[in-house]
Structure formats: structure tokens, C-alpha cells
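Reviewing the structure listed below.
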Amino acid sequence: MAAGPNEIPRWVDYLLVPLVNLIVALLLTGLVVIAVGADPWQALTALVQGAVVYPGSVGATLYYATNFIFAGLAVAVAFHAGLFNIGGEGQAYIGGLGVALGCLAFDSWTPWLGVPMAVIAAALFGAAWAYIPAYLQAKRGSHIVITTIMFNFIASALMIYLLVDVLIMPGQQAPRSRDFAPEVWLPTAQEIAAWFGIAIARSPFNLSSLLALFCCGFVWVFIWHTRWGYEIRTVGHSERAACYAGISPSRAIIMAMLVSGALAGFIGFNDILGVHHYLLQGFTGGVGFVGIAVALMGRNHPLGVVLASLLFGALYQGGSELTFDIPQITREMVVVIQGLVILFCGALENMFKPHIVALFRRRQVEAPA
């Protein structure tokens with residue numbers, strides 16, 4: 001659809017603005033690299049090689065991207081209801097707990113039963129952990145940002161207690177559960193390729209990526225092609241208008257957070273069943289917070305979330321190689337580099353947008369009729 005006389009083309013908002021933010025972030029990253037005495041072009045080359053060139057690097061990038069897709073979709077669904085779900089980290093933690101409990105109880109079952117039960121457990125546990133903040137927001141007016149942050153800490157404390165006193169593997173001191181039966185492990189990309197006689201490098205990339213793509217399609221249909229999605233978007237735009245139209249804001253808020261929590265719970269499915277094969281502390285690694293930047297950069301659309309997830313996956317995997325290839329860049333510097341990209345693509349995503357919009361509108365006015 002063509003843009004109106006007072007509108008800017010959609011590609012400006014969905015493509016040009018995120019691209020400008022990314023370029024500025026990379027330029028500032030180059031200044032940081034120069035400040036520590038390294039060559040920025042060499043650092044960029046090492047970053048790209050670490051993300052897509054070295055053996056197993058593509059699989060590792062896609063593994064990180066899978067987690068970021070789940071996290072970004074979780075944040076995006078809540079955004080459409082006007083909610084800022086910062087609890088993805090805790091919801092992923094509890095989703096992983098659900099996966100682990102299901103596998104510990106039923107890992108003797110065949111994979112055709114055990115894996116679907118793990119998927120259901122991840123969704124139910126993640127949604128249940130999101131339900132309480134959603135109820136408090138919808139019924140009591142408690143701000144969703146405050147309650148979801150608190151529930152992140154509660155989830156962490158609960159996991160410590162369970163792993164130290166309840167689920168710890170007998171005969172050892174490390175806070176982790178016993179290994180699940182190999183029958184319920186998700187096959188990795190290397191194992192799937194071996195089925196067809198193809199040899200590829202080992203990586204943590206596994207079958208949960210298909211679930212991530214399915215969730216992208218589900219969110220697209222749910223938000224834009226169902227009555228429930230229409231209600232969520234209406235409430236996100238204006239609660240007063242939603243009430244006037246006979247839509248219950250409380251129901252839409254709770255429904256959006258339940259879907260958001262279920263999506264975040266799948267992060268635990270990818271990590272626990274696809275990589276570690278046992279429950280452990282800290283497996284989320286801050287993915288829930290990165291999902292905020294992924295959703296903002298992807299404009300809360302599944303396709304945009306996938307593209308942003310690939311970018312952040314490459315940054316995470318490529319950044320881990322920087323510390324090996326360039327001694328001047330330490331692990332802490334890699335975190336700074338990743339933080340700059342998250343800052344400009346997330347928190348400051350609208351920093352340059354007014355100037356870009358003004359430039360396009362001025363050109364529209366100056367263009368001959």
C-alpha cells in the first residue's frame with residue numbers, strides 16, 4: 001500500500017531506522033575498539049568469522065537466535081497489549097523447570113510422548129508464572145514492570161532452593177539434577193544431518209528451532225488474524241476505546257501475558273532439553289532481557305523478530321570469538337560491545353527516527369506534484 005501524503009513509507013520505519021541505529025552502534029563500537037588499542041576492521045572481521053565462518057559457528061549462531069526468537073516474540077505479544085513484560089527471564093527459568101520435571105518423571109517414555117509433554121510443560125509453567133503479574137495488573141492495577149521484575153528474583157530463588165535441596169543429583173555437590181534419559185534428548189543439527197549421510201560440525205543447534213518458527217507463524221496468525229489478537233491490539237492502543245467497543249481490558253491483558261509467558265517458557269525447552277539435558281542454575285543467561293531489544297528492533301512483528309534474532313545471535317557467537325582472536329578485547333569489552341548494540345537498537349531506537357521522518361516529509365513537500 002502506498003504511503004499517504006502525510007505518511008512515510010513503511011520501509012523507513014521497519015528497515016531504515018533500525019539500520020541507522022545499528023550503524024551508529026557499530027561506529028561507537030569501533031571507537032571503543034580503537035580506545036583499547038585494537039584494529040576495528042580486524043575486530044569486525046573476527047566477529048563475522050566467529051559468527052558464520054568457523055566450524056560449528058553457524059549452528060551456534062542459530063542456537064542463540066532460537067532463544068532470542070522465543071524471547072522477542074514473548075516481549076512483542078505483550079507490547080501489542082500495551083504491556084512491558086520484563087519477566088521473560090523468570091518465565092524462561094520456570095519453563096525450564098517444567099521441562100525438567102516432566103523429563104525427570106516421564107523420561108522413560110518414548111520420545112513421541114516425552115518431547116510433546118516437555119513442550120506442553122514449558123508453555124504451561126511459563127504461562128503460569130506470567131499469570132500472577134498479569135492478574136495483578138488487570139485486577140489490582142499493580143504495574144507489570146515492577147511485578148515481573150520481582151518475579152524474576154523469585155524464580156531465581158525458587159530454582160536455587162529446588163536444585164540445592166530437592167532436585168540435586170544424589171552423591172554430588174553441584175546444584176543440578178540428574179541427566180535425563182537419552183531417549184528424550186532433542187536431536188542436534190549434526191545428528192539430523194547424519195541421518196541423511198551429511199557430515200557437519202557439532203554445535204548446540206537443535207530441533208527446537210522448528211518450534212521457534214512455528215511460534216512465529218502462530219503469533220502472526222494470533223495477533224493479526226483472530227478476534228483475540230484484535231482485542232489485544234485494541235487494548236494496547238486505547239483501553240477506553242476497547243471498553244467502548246465492549247472489549248474487556250482485563251481479559252486481553254491476562255490473555256496476552258499468558259501467551260507471552262508460554263513463549264518465554266520455550267527458552268527453557270531449547271536449553272534444557274536441547275543442550276544441557278539436565279536442570280541447572282543460570283541457564284537463561286540474560287536472554288529474557290535481550291528479547292526486549294529484539295522485539296523493539298523487529299518492530300514487534302514475527303519476521304522482524306527473526307531477523308533481529310539472527311543479528312543478536314551473530315553478535316553473541318561472534319563476540320565469544322573476539323576474546324580468542326584479539327587479546328586486547330576482553331570478555332568485559334565484548335559485553336560492552338553487545339550492550340551498545342542493545343542500547344541503540346532497544347532503549348534508544350527512536351533517537352534518530354524524528355529526524356529521519358522529518359527528512360522524508362520535507363522531501364515529500366518539495367517533490368513536484
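The values are calculated or read from the model by the stated rules, or taken from the named source; none is laboratory data. Just so we're clear, the structure is a prediction, and the values are computed from it rather than from any experiment. Positions of Cβ are generated from backbone atoms using ideal geometry, with glycine treated the same way; all protein chains shown enter the neighbour counts. With ligands, DNA and RNA removed, areas are computed over all heavy atoms of the protein, side chains included. Shrake-Rupley method; radii C 1.70, N 1.55, O 1.52, S 1.80 Å.
Treating each Cα of the stretch 208-350 as an identical point scatterer and summing with the Debye formula, the log10 of I(q)/I(0) at q = 0.15 Å⁻¹ comes to -0.91. Applying the Karplus relation 6.51 cos²θ - 1.76 cosθ + 1.60 with θ = phi - 60° to the stretch 47-60 yields 3J(HN,Hα) values of 5, 5, 4, x, 8, 9, 9, 5, x, x, 5, 5, x, 5 Hz, where x marks Gly and Pro. For the stretch 43-99, the Kirkwood estimate of hydrodynamic radius, built from reciprocal distances between every pair of different alpha carbons, is 13.3 Å. Summarised in one figure, the compactness ratio Rg/Rh of the stretch 139-272, Cα atoms and Kirkwood Rh, is 1.10. Restricting the calculation to alpha carbons of the stretch 113-210 gives Rg and Dmax of 18.8, 58 angstrom.
Across the stretch 137-194 the C-alpha pair distances fall into 5 Å bins from zero in the proportions 4, 14, 12, 11, 12, 13, 13, 11, 7, 2, 0 percent. Taking R0 as 30 Å, what FRET efficiency do you get between residue 120 and residue 230 from their Cβ-Cβ distance, rounded to the nearest 0.05? Efficiency for this residue pair is about 0.65.
Can you give me the % of accessible surface on the stretch 217-369 that is carbon or sulfur? Probe 1.4 Å, all protein chains present, nothing else counted. It is 65 percent, rounded to a whole number. Volume of the convex hull of the chain (Cα atoms only), normalised per residue: 178 Å³.
Summary of packing: across the peptides 261-270, 21-30, 247-256, 161-170, the per-residue average of other C-beta atoms within 10 Å ranks them, highest first, as 261-270, 247-256, 21-30, 161-170.
In the full protein context, the stretch 39-100 carries 28 Å² of accessible surface per residue, based on a 1.4 Å probe and ignoring ligands, DNA and RNA. Taking label points 7 Å from Cα along the Cα-to-Cβ direction, residue 143 and residue 183 give a separation of 5.1 nm. Using the Cβ-Cβ distance between residue 357 and residue 173 with R0 set to 56 Å, the FRET efficiency works out to roughly 0.45. Under the convention that each Lys and Arg Cβ holds +1 and each Asp and Glu Cβ holds -1, the size of the dipole of the stretch 61-218 around its Cα centre is about 340 debye. Using a probe of 1.4 angstrom and keeping all protein chains present, the accessible surface of the stretch 113-226 works out to 56 square angstrom per residue.
Rank by packing, highest mean first: peptides 115-122, 291-298, 224-231, 311-318, with packing defined as the count of other Cβ atoms within 10 Å averaged across residues.
Values: 115-122: 21.6, 291-298: 27.8, 224-231: 14.2, 311-318: 24.2.
Descending packing order for the listed peptides: 291-298, 311-318, 115-122, 224-231.
Between residue 280 and residue 221, the FRET efficiency from the beta-carbon distance, with R0 = 25 Å, is close to 0.10. Accessible area per residue for the stretch 258-369 is 42 Å², calculated with a 1.4 Å probe on protein heavy atoms, without ligands, DNA or RNA.
Over all other residues within a Cβ to Cβ distance under 13 Å of residue 54, the charged ones net out to -1, with Lys and Arg as +1 and Asp and Glu as -1.
For residue 188, nonlocal amide neighbours, meaning residues 5 or more places apart or on other chains whose placed amide H falls under 5 Å from its own, do not occur.
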